[in-house]
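The values are calculated or read from the model by the stated rules, or taken from the named source; none is laboratory data. On a predicted model such as this, the values are computed, not experimentally measured, just so you know. Every residue, glycine as well, gets a Cβ built from its backbone with ideal geometry; the counts of neighbours run over all protein chains shown. Accessible surface areas use protein heavy atoms only, side chains included; no ligands, DNA or RNA. Shrake-Rupley method; radii C 1.70, N 1.55, O 1.52, S 1.80 Å.
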Amino acid sequence: MQYSEAIAFLFDVAPLFQNIGGGAYKEGLSNTLALDEYFGHPHCAYQTIHVSGTNGKGSVSHTLAAILQSAGYRVGLYTSPHLVDFRERIRVNGQMIPEQRVVDFVTELKASPFAERLEGGFSFFELTTALAFLYFKEQQVDIAIIEVGLGGRLDCTNIITPILSVITNISFDHTQFLGHTLEQIAREKAGIIKQGIPVVIGETGGHDAVRQVFLDKALEMGAPITFADEQVLQPIDVEPELKGLCQQKNTATILTAINALFPLSPEAIREGFAHVCSLTGLMGRWQKLQAHPTVVCDTGHNPAGLQYIATQLNTIINAQHSKGKGQLRIVLGMAGDKDVRNSLSLLPQQATYYFTQASVRRAMPAAEIAELGHKLGLEGQPYPSVDQAYSAALTDADESDFIFVGGSSFVVADLLRLLHF
């Protein structure tokens, strides 16, 4: 079996949530527990840190991994979704899982007692989680950072007993699964809080009811709880590699999490923040792709994430106006199951838009997002692919312009593939 065949099997037999949405979601832990027992409970062979939250959990997970690597630990990192290559999801000290290991895993699955149940019986994420846990054991990692896929309480990563739980923040996303109020969503995320295990909450957004959800769950579980946005933290005294405005909140979450762990040197912390992308392979977080014109992409895809991006883009507009040159051009696409109207309403009107759609079934058609954008005062034209939209923006731009590409992880993924990242 070739790697391409193994990946096709995983994608076709157990479709990706990132491609088809809710049809790929399987609630509950029974499948994961069965796989875990079959493979000999591999996650018990190393320590883990569990990271949940609506936004920022990828940046937090990667930065924690980078810091621990810099401190000399052998670190597993399990995140989702991937942008270009499936193997981005499973890394050890920044190196992606080898193609052959993926092939061997699929071959073993096909010969396992689960063979007849594979088609439609397991989700893509359940199988991928089993592979990650097993690979980390084989690689004899000291510690693994495990990012929740969706929610927390019923996410298949929730079979682990970590040394620390981290919940970055709570906002509206995946409401069809997690609930339609912030308190309901918080309860699902709080499901990763374990008996006696410390938990760090990144931010509650000033919502007392959300804060109380976490306090109640921590009390029930006897888990020491710390709120990062209530801590007085020492600055990291280094230029962080991640530049987006949202990283200010993430930094507080990371530093509070570090304080809750075993002692780590200031040098390791600075090194992790300064070189997180090169150490872990992180992409798509306010990532600068070129200069003259400047091109930046970001995977923020819901109102809470896009609020930070909109603030940053408005700052760029003001800076350009003060210099009397340079325009903002935005290549934008979104998934149709997101809160598209509210997201668009946050974005600046003083920009030229190139509305587009990513190459996944969940993408909102470019013409539809353009029509909705026009009603909200966002001027631009629809393009049927990210390639065409980005090419048009580049053609129109001069050297002093700023091009932003985003609105969806899928849009960023298409762009990075186009640019051969």
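Check region 51-70 and report whether any residue there is in contact with a Phe, Trp or Tyr (Cβ under 7 Å, 6 or more places away or on another chain) and modelled with pLDDT under 95.
Kept after step one, since they are in contact with a Phe, Trp or Tyr (Cβ under 7 Å, 6 or more places away or on another chain), are these residues of region 51-70: 63.
Next, from what is left, pick out any that are modelled with pLDDT under 95: none.
There is no residue in region 51-70 that is in contact with a Phe, Trp or Tyr (Cβ under 7 Å, 6 or more places away or on another chain) and modelled with pLDDT under 95.
Could you tell me whether region 378-391 includes any residue that is in a loop (DSSP other than H, G, I, E, B), within 24 Å of Asn55 (Cβ to Cβ) and among the aliphatic types (A, V, I, L, M)? Step through it out loud before you land on a result.
Residues of region 378-391 in a loop (DSSP other than H, G, I, E, B): 378-379, 383-385.
Among the residues that remain, those that are also within 24 Å of Asn55 (Cβ to Cβ) are: 378.
If we keep only those that are among the aliphatic types (A, V, I, L, M) as well, we get 378.
Within region 378-391, one or more residues are in a loop (DSSP other than H, G, I, E, B), within 24 Å of Asn55 (Cβ to Cβ) and among the aliphatic types (A, V, I, L, M).
Of the residues that sit in region 317-330 and are surrounded by fewer than 16 Cβ atoms within 10 Å (Cβ to Cβ) and not in a helix (DSSP H, G or I), which one is modelled with the highest pLDDT?
Of region 317-330, the ones surrounded by fewer than 16 Cβ atoms within 10 Å (Cβ to Cβ) are 318-319, 321-325.
Checking the rest, the ones that are also not in a helix (DSSP H, G or I) come to 324-325.
Values: Gly324: 75, Lys325: 80.
So, considering only residues that are surrounded by fewer than 16 Cβ atoms within 10 Å (Cβ to Cβ) and not in a helix (DSSP H, G or I), the one modelled with the highest pLDDT is Lys325.
Taking the options Asp229, Asp237, name whichever one is touching a residue at least 12 places away in the same chain (Cβ under 8 Å) and part of a loop (DSSP other than H, G, I, E, B).
Values: Asp229 fails: part of a loop (DSSP other than H, G, I, E, B).
From the options Asp229, Asp237, the qualifying one is Asp237.
Cβ-Cβ distance below 8 Å, separation of 6 or more or different chains: which pairs start in region 302-330 with a residue that is without any contact (Cβ under 8 Å) to a residue 40 or more places away in the chain and end on one that is in a loop (DSSP other than H, G, I, E, B) and open to solvent by 70 Å² or more (accessible area, probe 1.4 Å)?
Pairs that qualify, where the first residue is without any contact (Cβ under 8 Å) to a residue 40 or more places away in the chain and the partner is in a loop (DSSP other than H, G, I, E, B) and open to solvent by 70 Å² or more (accessible area, probe 1.4 Å), are Ile317/Gln350.
Show me the helices (runs of 4 or more DSSP H) entirely contained within region 74-146 in which 1 or more residues are under 17 Å from Phe39 (Cβ atoms), under 18 Å from the mean Cα position of the chain (by Cα) and at pLDDT 95 or above. Reasoning before the result, please.
Working: elements: 99-110, 118-121, 124-138.
So the answer is 124-138.
Residues to consider are Gly272, Gly284, Gly244; find the one that is modelled with pLDDT of 95 or more and either on the phi < 0 side of the Ramachandran plot or part of a helix (DSSP H, G or I) (or both).
Numbers: Gly284 fails: either on the phi < 0 side of the Ramachandran plot or part of a helix (DSSP H, G or I) (or both); Gly244 fails: modelled with pLDDT of 95 or more.
Of the residues listed, the single one that is modelled with pLDDT of 95 or more and either on the phi < 0 side of the Ramachandran plot or part of a helix (DSSP H, G or I) (or both) is Gly272.
In region 331-338, is there at least one residue being in contact with a His (Cβ under 8 Å, 6 or more places away or on another chain), in a loop (DSSP other than H, G, I, E, B) and touching a residue at least 40 places away in the same chain (Cβ under 8 Å)?
Narrowing region 331-338 to residues in contact with a His (Cβ under 8 Å, 6 or more places away or on another chain): 334-335, 338.
Then keep just the ones that are in a loop (DSSP other than H, G, I, E, B); that gives 334, 338.
Still in the running and touching a residue at least 40 places away in the same chain (Cβ under 8 Å): 334, 338.
The answer is yes; a qualifying residue exists.
Which condition number does Gly377 fail, the rest of (1) surrounded by fewer than 18 Cβ atoms within 10 Å (Cβ to Cβ); (2) closer than 24 Å to Phe11 by Cα being met?
Tallying (1) surrounded by fewer than 18 Cβ atoms within 10 Å (Cβ to Cβ); (2) closer than 24 Å to Phe11 by Cα, Gly377 fails exactly one: (2).
May I ask you to list the residues in region 360-375 that are assigned to a loop (DSSP other than H, G, I, E, B) and modelled with pLDDT of 95 or more?
Just the residues of region 360-375 that are assigned to a loop (DSSP other than H, G, I, E, B), to begin with: 360-362, 364-365.
Across region 360-375, the qualifying residues are Met364, Pro365.
Every residue, every condition in (1) open to solvent by 20 Å² or more (accessible area, probe 1.4 Å); (2) within 21 Å of Glu271 (Cα to Cα); (3) in contact with a strand residue (DSSP E or B) (Cβ under 7 Å, 6 or more places away or on another chain); (4) of a type in the set (Gly, Ala, Ser), yes or no:
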{"position": "Ser70", "(1), (2), (3), (4)": "yes, yes, no, yes"}
{"position": "Glu88", "(1), (2), (3), (4)": "yes, no, yes, no"}
{"position": "Ser112", "(1), (2), (3), (4)": "no, no, no, yes"}
{"position": "Leu118", "(1), (2), (3), (4)": "no, no, no, no"}
{"position": "Phe122", "(1), (2), (3), (4)": "no, no, no, no"}
{"position": "Thr128", "(1), (2), (3), (4)": "no, no, no, no"}
{"position": "Ala132", "(1), (2), (3), (4)": "no, no, yes, yes"}
{"position": "Lys137", "(1), (2), (3), (4)": "yes, no, no, no"}
{"position": "Ser165", "(1), (2), (3), (4)": "no, no, yes, yes"}
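Under 8 Å between Cβ atoms, at least 6 apart or on separate chains: pull out the pairs that start in region 273-299 with a residue that is under 12 Å from Leu419 (Cβ atoms) and crowded, with 23+ Cβ neighbours inside 10 Å and end on any residue that is basic (Lys, Arg) and modelled with pLDDT of 95 or more.
As it stands, the answer is Val295/Lys288, since those pairs meet every condition given.
Does Val411 satisfy being touching a helix residue (DSSP H, G or I) at 6+ places or on another chain (Cβ under 8 Å), under 23 Å from Asp85 (Cα atoms), open to solvent by less than 50 Å² (accessible area, probe 1.4 Å) and not in a loop (DSSP other than H, G, I, E, B)?
On the way: touching a helix residue (DSSP H, G or I) at 6+ places or on another chain (Cβ under 8 Å): yes; under 23 Å from Asp85 (Cα atoms): yes; open to solvent by less than 50 Å² (accessible area, probe 1.4 Å): yes; not in a loop (DSSP other than H, G, I, E, B): yes.
The answer is yes for Val411.
Say we look at region 227-247 and pick out the residues that are loosely packed, with under 13 Cβ neighbours inside 10 Å and among the charged types (D, E, K, R); which of these is farthest from Val199 (Cα to Cα)? Break it down stepwise before answering.
Quick first cut of region 227-247, residues loosely packed, with under 13 Cβ neighbours inside 10 Å only: 230, 232, 234-235, 237, 239.
Narrowing the set further to residues that are among the charged types (D, E, K, R) leaves 230, 237, 239.
Details: Glu230: 14, Asp237: 26, Glu239: 27 Å.
Filtering region 227-247 for residues that are loosely packed, with under 13 Cβ neighbours inside 10 Å and among the charged types (D, E, K, R), the one farthest from Val199 (Cα to Cα) comes out as Glu239.
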